[in-house]
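I have placed the structure first, in the form of structure tokens, so that the comments after it can refer back to it.
The values are calculated or read from the model by the stated rules, or taken from the named source; none is laboratory data. Quick caveat, the model's predicted, so the values are computed rather than measured. Don't worry about glycine lacking a Cβ; one is built from the backbone with ideal geometry, like all the others, and counts go over all protein chains shown.
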Amino acid sequence: MNSLLTAVSVPEDRGRPILDAATREVVGYAPVHTVDELAAAISAAAAAQPGWADLGHAERSRLLHVIADDIDACAEELGEIITHEQGKAGGAGETHAAAHWLRAAADTVLQPQVLQDDGASRAELHYVPLGVVASIGPWNFPVMIAVWHLAPALRMGNTVVLKPSENTPLSVLALAEIFRRHLPADVLTAISGDREVGAALAAHPRIAKIVFTGSTATGRRIVAGSAGNLARLTLELGGNDAAIVLPDTDVDAVADKLFWAAFMNTGQVCAALKRLYVHESIYADVVSALAERAEKAPMGPGSDKANRLGPVQNPAQFEIVTRLVADARERGARIVTGGEPATELGPLFYRPTIVADVEDDAAVVGEEQFGPVLPVIRYAEVDDAIRRANSTDQGLGASVWGPDPDKAEAVARRMEAGTVWVNQHGGVDPAIPFGGTKSSGYGLEFGVEGLKAMAATKVIRR
Ligand code: NAD
């Protein structure tokens with residue numbers, strides 16, 4: 001019996017069924033909080049905030065460490081919920097990663113800055129709490145992304161009302177349960193509801209800051225919805241990351257990294273490699289190396305830890321993946337491997353798919369697939385590849401691959417994205433700021449910049 005699941009799941013007649021992504025069996029029942037319950041949670045969070053701020057940085061950091069230890073201690077139980085609800089084999093791994101990020105935020109120091117001190121006058125810039133922060137999250141890394149929001153917000157003395165994705169609420173409610181064991185009352189409240197509750201949270205007059213990770217379409221709605229409260233925004237939105245593989249790249253040396261940059265978490269990663277531009281001289285070799293890996297990658301329910309690929313998390317995303325591959329096929333692109341559901345594994349499994357000889361105007365290139373499909377696109381001139389890679393309104397991540405890191409970096413500097421990796425793609429680090437450009441959002445998470453994003457500035461002059 002999973003005691004965390006028991007603690008957060010409500011009786012069937014009071015909740016919404018949450019299905020196992022792989023088997024489509026009921027995992028548990030998520031509470032359906034109302035907009036009135038949301039309003040009560042926000043009022044309580046506002047009342048609790050001054051006391052939480054008064055505890056000071058050292059005590060808040062200490063408590064966050066205690067919580068991180070508890071998250072690690074619960075890794076198997078929490079990981080099991082993630083695995084069932086989200087589908088990934090690495091549920092416990094996501095949990096340990098969340099604890100790691102929480103400790104990093106607890107240990108990051110943001111000092112006031114002395115702006116002027118010339119004997120006659122002194123000016124200092126201080127970072128002070130904002131108030132109540134709203135956190136709205138997605139379903140691909142439900143627990144880790146919740147911690148990305150919570151850790152800096154709480155560290156800086158804010159209280160938080162958190163709304164998980166309606167697709168993966170149970171793991172986030174369980175995470176909040178662990179936090180609440182150690183926090184003063186009402187410092188963190190998780191509200192489980194649908195888009196309507198998310199919209200009411202974003203628009204509520206007592207919300208001072210919204211940190212949102214999700215699609216660009218929802219990000220736009222949140223910007224509009226927060227016109228009234230003028231909440232500050234951190235928007236981590238969709239991505240359609242391009243990678244450019246330069247001529248002379250050693251295909252064997254990079255094939256594994258390219259494959260997993262695209263297919264980690266079954267492609268359901270904001271900064272996954274989603275469009276691969278390969279020089280014509282090595283195009284055929286890259287396509288066959290990726291197809292070979294796609295055919296060998298173990299796929300199945302995450303409850304079997306040997307599996308590296310799982311189901312698509314929900315039917316709507318499965319439909320997107322199916323539509324994009326069908327469109328590519330109709331346009332005459334070559335489906336090198338995959339291109340069909342793996343129905344023998346369960347209703348939402350889709351075979352890892354490599355699409356070759358595909359043009360830029362195909363939907364699988366122009367739209368974010370967020371699933372186990374990678375279009376591989378041929379180019380002849382590097383300048384042309386850069387232009388095509390940049391010709392999207394998304395700008396989350398990008399990468400450049402080649403034998404000479406300096407030459408690759410020169411190309412990386414010309415790519416339009418919040419992070420550009422060289423000979424790697426998608427890696428994030430708690431000390432290194434992460435955020436998008438263009439329609440992939442604005443604001444930074446992680447490190448000192450992440451703490452600043454959860455604070456108001458106050459200048460003191462004398
Ligand atoms: P989504 O936008 O459909 O939903 C995200 C959250 O927003 C959910 O909790 C949902 O209930 C809530 N929501 C929906 N409508 C709302 C509204 N009008 N007001 C307030 N909240 C509302 O996204 P998703 O399908 O859960 O996640 C997938 C997307 O997230 C992909 O585009 C992916 O690229 C992106 N993503 C980005 C990052 C990043 O760091 N940039 C990380 C992970 C995922």
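One residue stands out among those in segment 164-180 that are within 15 Å of the ligand (Cβ to nearest atom) and of a type in the set (A, V, I, L, M, F, W, C): the one that is surrounded by the fewest Cβ atoms within 10 Å (Cβ to Cβ), which is Ala176. Closer than 30 Å to Ala412 by Cβ, surrounded by fewer than 22 Cβ atoms within 10 Å (Cβ to Cβ) and of a type outside the set (A, V, I, L, M, F, W, C), is that true of Asp393? Taking the combined requirement at face value, the residue satisfies it. Residues in segment 41-57 that are under 16 Å from Val128 (Cβ atoms) and assigned to a helix (DSSP H, G or I): 9 in all. Counting only strands (runs of 3 or more DSSP E) that fall entirely inside segment 359-462 and contain at least 1 residues that are under 22 Å from Ala146 (Cα atoms) and in contact with a Pro (Cβ under 8 Å, 6 or more places away or on another chain), the qualifying elements are 455-461. Checked against (1) closer than 26 Å to Leu233 by Cβ; (2) within 16 Å of the ligand (Cβ to nearest atom); (3) touching a helix residue (DSSP H, G or I) at 6+ places or on another chain (Cβ under 7 Å), Met415 passes all but condition (2). Candidates Val114, Val133, Val109: the one that is part of a strand (DSSP E or B) and surrounded by fewer than 24 Cβ atoms within 10 Å (Cβ to Cβ) is Val114. Annotation note: Cβ proximity below 7 Å between a residue of segment 96-121 that is over 28 Å from Cys74 (Cβ atoms) and in contact (Cβ under 8 Å) with a residue 12 or more places away in the chain and a residue that is part of a helix (DSSP H, G or I) and of a type in the set (A, V, I, L, M) (sequence gap 6+ or interchain) occurs for Leu110/Val448; Leu110/Leu451. Please tell me if Glu280 is modelled with pLDDT of 95 or more and within 16 Å of the ligand (Cβ to nearest atom). Criteria not met by Glu280.
The rows are residues; the columns are (1) over 24 Å from the mean Cα position of the chain (by Cα); (2) at pLDDT 95 or above; (3) farther than 23 Å from Asp194 by Cα.
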{"position": "Asp20", "(1), (2), (3)": "no, yes, no"}
{"position": "Val26", "(1), (2), (3)": "yes, yes, no"}
{"position": "Pro31", "(1), (2), (3)": "no, yes, no"}
{"position": "Ile42", "(1), (2), (3)": "yes, yes, no"}
{"position": "Gln49", "(1), (2), (3)": "yes, yes, yes"}
{"position": "Trp52", "(1), (2), (3)": "yes, yes, yes"}
{"position": "Leu55", "(1), (2), (3)": "yes, yes, yes"}
{"position": "Ala58", "(1), (2), (3)": "yes, yes, yes"}
{"position": "Leu63", "(1), (2), (3)": "yes, yes, yes"}
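For beta carbons closer than 6 Å, sequence separation of 6+ or different chains, a first residue in segment 235-249 that is within 11 Å of Trp401 (Cβ to Cβ) and of a type outside the set (Val, Ile, Thr) and a second that is at pLDDT 95 or above and part of a loop (DSSP other than H, G, I, E, B), the qualifying pairs are Ala243/His425; Leu246/Gly402; Pro247/Ser281; Asp248/Pro403. List the number of the failed condition for Ile244; all other conditions in (1) in a strand (DSSP E or B); (2) under 19 Å from Ala385 (Cβ atoms); (3) within 16 Å of the ligand (Cβ to nearest atom) hold. Every condition holds for Ile244 apart from (3). Considering segment 181-209, the residues that are buried (at least 18 other Cβ atoms within 10 Å of the Cβ), assigned to a helix (DSSP H, G or I) and free of Cβ contacts under 8 Å to residues at least 40 places away in the same chain include one that is farthest from the ligand (Cβ to nearest atom), namely Ala203.
State which residue is farthest from the ligand (Cβ to nearest atom) when the search covers only segment 210-224 and only residues that are surrounded by 19 or more Cβ atoms within 10 Å (Cβ to Cβ) and farther than 22 Å from Met415 by Cα. Of everything passing the filter in segment 210-224, Val211 is farthest from the ligand (Cβ to nearest atom).
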